[in-house]
Amino acid sequence: MRKRIKIVQQLLQKKGLYDGNIDGIAGPITMRALAGIDGINSSLPKTRQITTYIQIAANERNIDVGPIDGLWGPKTSAAFNELTYQLKYGTPQPPWRPDEIVIANPHQWPVQRTAEFNSFFGERGSQLILIDLPYEMKLSWDLRTKTRRTRCHARVADSLQRVLQKVKEIYGEDNISSLHLDHFGGCYDDRPIRNGSLPSMHSWGIALDFDPTRNELNWGRDRAALAHPDYYDWWNCWEEEGWISLGRKRNFDWMHVQAARLPE
Ligand SMILES: [Zn+2]
């Protein structure tokens with residue numbers, strides 16, 4: 001409830017109707033400000049007035065909220081979620097349902113574990129080269145160890161450098177550090193997939209892991225740090241180059257990104 005009242009206070013403040021604290025308490029100043037809104041019935045219980053105003057505000061922003069009745073159902077809850085996002089980031093929330101995320105494929109990355117894949121990338125561990133990273137990374141399992149290089153497959157090297165260069169331009173070194181975009185979990189590693197026996201995409205040097213401690217393998221978007229809206233630009237940088245995030249596409253292994261498509 002406190003969170004809802006805070007949003008209401010912020011909205012009222014934006015309209016110039018409220019100059020109290022954003023404290024999440026529906027006191028007399030908040031309720032008086034609410035009474036100045038068209039469509040609010042001051043004789044209804046506080047909770048219902050708060051909900052009504054959330055619905056009105058969502059409706060004003062063309063967020064689908066259903067009937068404006070002051071009742072908190074799933075539609076209002078989803079609209080509140082979107083409203084909160086828009087207040088914080090100033091733009092509508094980008095789609096996150098995997099089917100709605102369309103990823104270009106400018107370099108024709110092949111579908112993993114296909115004949116086409118094998119001819120594109122060759123044998124595991126072949127065509128590896130050492131590349132410079134545009135910004136310094138630290139090893140996620142030993143943060144004191146810094147690195148500016150990694151080994152990867154020659155066919156993904158240019159694209160990988162472009163992605164990270166763009167990340168550096170968009171976020172800057174300070175945000176890269178505070179968002180743990182420099183917590184490097186490794187690239188080339190000839191090993192099977194976790195909890196499985198097939199060789200991992202890391203075995204070809206075409207996959208990278210980032211910030212594994214805050215993006216554990218079996219965590220979904222409700223827990224994984226990299227699913228947070230702060231990282232939308234990050235994923236955009238990868239997806240423009242056709243790289244696939246298992247988190248974005250499968251909602252697990254949010255640390256992992258690869259230059260291979262998934263079977264549809
Ligand atoms: Zn990985």
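The values are calculated or read from the model by the stated rules, or taken from the named source; none is laboratory data. From a predicted model like this one, the values you see are computed outputs, not experimental measurements. Cβ coordinates were reconstructed from backbone atoms using ideal geometry, including for glycine residues, and neighbour counts include every protein chain displayed. These area figures cover heavy atoms from the full protein model, side chains too; ligands, DNA and RNA do not enter into them. Shrake-Rupley method; radii C 1.70, N 1.55, O 1.52, S 1.80 Å.
Figures for the structure shown
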{"quantity": "Matching residues in segment 172-193 - criterion: being part of a loop (DSSP other than H, G, I, E, B) and within 14 Å of Ala225 (Cβ to Cβ)", "calculated": "Leu179, His180, Leu181, Asp182"}
{"quantity": "Segment 254-264 - residue that is within 14 Å of the ligand (Cβ to nearest atom), assigned to a loop (DSSP other than H, G, I, E, B) and over 16 Å from the mean Cα position of the chain (by Cα) and, of those, nearest to Gln161 (Cα to Cα)", "calculated": "Ala259"}
{"quantity": "Set Asn251, Asn175, Asn236, Asn195: member being free of Cβ contacts under 8 Å to residues at least 24 places away in the same chain, open to solvent by 30 Å² or more (accessible area, probe 1.4 Å) and within 16 Å of the ligand (Cβ to nearest atom)", "calculated": "Asn195"}
{"quantity": "Glu241, sole failed condition from (1) within 15 Å of the chain's Cα centre (by Cα); (2) more than 14 Å from the ligand (Cβ to nearest atom); (3) of a type in the set (D, E, K, R)", "calculated": "(1)"}
{"quantity": "Single unsatisfied condition, Pro92 versus (1) closer than 28 Å to Ala227 by Cβ; (2) at pLDDT 95 or above; (3) in contact with a helix residue (DSSP H, G or I) (Cβ under 7 Å, 6 or more places away or on another chain)", "calculated": "(2)"}
{"quantity": "Every residue from segment 128-149 that is closer than 26 Å to Arg261 by Cα and free of Cβ contacts under 8 Å to residues at least 40 places away in the same chain", "calculated": "Ile129, Leu130, Ile131, Asp132, Leu133, Pro134, Arg149"}
{"quantity": "Qualifying residue in segment 111-129 (condition: assigned to a strand (DSSP E or B), modelled with pLDDT of 95 or more and open to solvent by 50 Å² or more (accessible area, probe 1.4 Å))", "calculated": "yes"}
{"quantity": "Filter result for the condition that a residue is closer than 11 Å to Met255 by Cβ, open to solvent by less than 70 Å² (accessible area, probe 1.4 Å) and not in a loop (DSSP other than H, G, I, E, B), over Leu217, Leu208", "calculated": "Leu208"}
{"quantity": "Among residues of segment 16-31, those that are of a type in the set (Gly, Ala, Ser) and in contact (Cβ under 8 Å) with a residue 24 or more places away in the chain, counted", "calculated": "1"}
{"quantity": "Selection within segment 178-192 - touching a Gly at 6+ places or on another chain (Cβ under 8 Å), open to solvent by 10 Å² or more (accessible area, probe 1.4 Å) and among the hydrophobic types (A, V, I, L, M, F, W, C)", "calculated": "none"}
{"quantity": "Some residue of segment 5-14 being open to solvent by 10 Å² or more (accessible area, probe 1.4 Å) and not in a helix (DSSP H, G or I)", "calculated": "no"}
{"quantity": "From Thr91, Thr84, residue being among the β-branched types (Val, Ile, Thr) and surrounded by 13 or more Cβ atoms within 10 Å (Cβ to Cβ)", "calculated": "Thr84"}
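Residues are listed down the side, and each one gets a yes or a no for (1) in the same structural domain as Leu198 (by TED's automatic domain parsing); (2) of a type outside the set (Phe, Trp, Tyr); (3) assigned to a helix (DSSP H, G or I):
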position: Asp19; (1), (2), (3): no, yes, no
position: Gly24; (1), (2), (3): no, yes, no
position: Ala33; (1), (2), (3): no, yes, yes
position: Ile37; (1), (2), (3): no, yes, no
position: Val102; (1), (2), (3): yes, yes, no
position: Trp109; (1), (2), (3): yes, no, no
